[in-house]
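Let me begin by presenting the structure, written as structure tokens, before commenting on it.
The values are calculated or read from the model by the stated rules, or taken from the named source; none is laboratory data. These figures come from a predicted structure and were not determined experimentally. When we count neighbours, we look across all protein chains shown, and the Cβ atoms used for this are built from the backbone with ideal geometry, even at glycine. Heavy atoms of the whole protein, side chains included, go into the accessibility calculation; ligands, DNA and RNA do not. Shrake-Rupley method; radii C 1.70, N 1.55, O 1.52, S 1.80 Å.
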Amino acid sequence: MKRNNLTTVCLCGVFATQTMIAADRDRPNIIYIMSDDHASQAVSAYGGILSDILPTPNIDRIGHEGAILQNCFVTNSISTPSRGAIITGQYSQKNGVYTLQDPLDPDHPNVAKCLQQAGYQTAIIGKWHLHAEPTGFDYYNVLPGQGRYIDPMLIEKGKWGDDPKADPRTGEVYKGHSTDVIGSQAIKYMEGRDKNKPFFLMCHFKAPHRPWTPAERFKDLLKDVTIPEPENLLDTYEGKGQYAQLLRMSMENFRPSDVKTDLPTNLSRDEFRHWAYQIYIKDYLRCIAGIDENVGRILKYLDDNGLTDNTVIIYTGDQGFFLGEHGWFDKRLMYEECLRMPFVIRYPKEIKPRTENKDITLNIDFAPLFLDYAGVGKPGQMQGESFRSNLEGKTPGNWRQAMYYRYWMNADNDHNVTANYGIRTDRYKLVFYYGESLGMTGTKNVSITPEWELFDLENDPMEMKNIYNDPANKALIKELKTKLLELKRQYDDEDSKYPVMTEIAKKYYW
């Protein structure tokens, strides 16, 4: 997948010249704010069971003054691959970032390089998590790896070194909570920018990633509140396959390092889930409180400096997350809670307040959207599509009616999730747990018996009943499998180069 820098310039640069005829003052600034593991269920604009428990007024403001996407999905629900998809506009099989351990090749084309070549100032602050040094950015100040919550270290451009994780002297320690530090650094960047040029800023918070450490001022927030539970917290996985029994992401998998207290003894499975959920969700929401506060600081900076009208501002998470649904935490699966990304966007010049969009949108579409707003054509290597017109209520007639998903990290050491791929339409979801590592980094070289799941999202929105083995669905399954294969071909993810997958297909596909 490696490309040299000259190739990168050509792929983006040929589209940038058209923007030169437009005055810089007419091109909007673009601010992309992303948190790690922030589920839409914990954004009050989406109206979930937590909306009244912990409102998120500043994040909500973006959506209320602009648009809320109801069907925005991740293509590989794990942090590093999702970030790779967002910045390249490509699936994992095209950008080379399949698992948590895969770096993004610094020479690979990305949206920041395209915007940079088009005359934008480009910067990223906070969590990068793509291992190799960020490229395409005039400025960066990023966490090494996961980074830490308290007194985080950030590595500034020019101080990267050969291996920042191995040499803490390459970074600078900032006192305070990481969310506050990252918010402050984002504002500092905007204060020092060239006022005569548009800017593209990616502000990535570490929170609310595990171990869910809130700022000191929020440590007692919700202390005496009983948080509502999802209806399927006590799911017994009846009708679900062996993969569900193998997972290590149920409430009962918590350890003291996760919940910061001693584990109770002599509790039944269900009793433990009730107990663990309250501990988990309170710290998670306390982290969200800090994020919303810092989003408010950024919005205030835009208001105070006359930047609101000519700035596209987005808030999202890098994927969805289980907040106790099915008794789980984490992500990785194709279930709605971790497949769905929160996404709110405001651009007063084009997007009408309180716009709601239900089109199927993917994280590979973000980069083309940024370029569209900047007046830059989409490079041929990007697999996503701009949804700018969708946000104006003009959905193209050929817009996708189904999405393709693939998670590659088979039987990883931490969560033991089975490698899987699948298709989601507006009503149905078909998932194939193929259970092979295929040589991917960070996976176990084990094989798990393949199995299928099918859900009717209209009649079973909580995905409790697997209807794959119902004979009445035979024609539907054939139709979905045919479309799934079409999507695999469309996104250049056919498995012919993996002999084991050819054998699996012969035995388990039809």
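In table form, for the structure just shown:
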item: Rounded to the nearest 10 Å², the accessible area of residue 487 at probe 1.4 Å; result: 10
item: Region 189-232 and region 401-421: distance between their alpha carbon centers, rounded to Å; result: 27
item: Accessible area of region 171-328 belonging to carbon and sulfur atoms, whole % at 1.4 Å probe; result: 48
item: Listed residues 241, 34, 302: farthest to the positive end of the dipole of region 29-397 (Cβ charges); result: 302
item: Potential lengthening between residue 493 and residue 263 on full extension [0.36 nm per residue; Cα-Cα distance subtracted]; result: 78.4 nm
item: Net charge of neighbours whose Cβ lies under 11 Å from the Cβ of residue 493, counting Lys and Arg as +1 and Asp and Glu as -1; result: +2
item: About the Cα centre, charge dipole magnitude for the chain (Lys/Arg +1, Asp/Glu -1 at Cβ), debye; result: 1000
item: Rg to Rh, two decimals, where region 48-126 supplies the alpha carbon set and Rh follows Kirkwood; result: 1.07
item: Residue-normalised accessible area of region 29-397, given per residue in Å² at a 1.4 Å probe; result: 33
item: Solvent exposure ordering (accessible area, 1.4 Å, most first) of 308, 236, 56; result: 236, 308, 56
item: Share of carbon and sulfur in the accessible heavy-atom surface of region 405-509 [1.4 Å probe, %]; result: 49
item: Set of lysines with alpha-carbon distance to residue 240 below 26 Å, sequence-local pairs under 8 removed; result: 331, 429, 444, 465, 474, 478, 481, 483, 488, 506, 507
item: Euclidean distance between Cα centres, region 170-187 to region 284-356, Å; result: 20
item: Residue 401 paired with residue 270, simple spin-label distance in nm, labels 7 Å along Cα-to-beta-carbon; result: 4.3
item: Heavy-atom surface of region 405-509, accessible at 1.4 Å and reported per residue (Å²); result: 47
item: Share, in percent, of DSSP beta bridges within the chain that are antiparallel, nearest 5; result: 55
item: Set of lysines with alpha-carbon distance to residue 378 below 18 Å, sequence-local pairs under 8 removed; result: 94, 113
item: Percent RCO, i.e. relative contact order, over the chain, from Cα pairs under 8 Å lying at least 6 residues apart; result: 22
item: Calculated on alpha-carbon atoms, Rg and Dmax of region 45-193 in Å; result: 16.9, 47
item: Loop trypsin sites (Lys or Arg not before Pro), region 210-243, which have at most 16 other Cβ atoms in a 10 Å radius of their Cβ (DSSP); result: 219, 223
item: Carbon/sulfur fraction of accessible area - region 36-169, other protein chains in place, 1.4 Å, %; result: 50
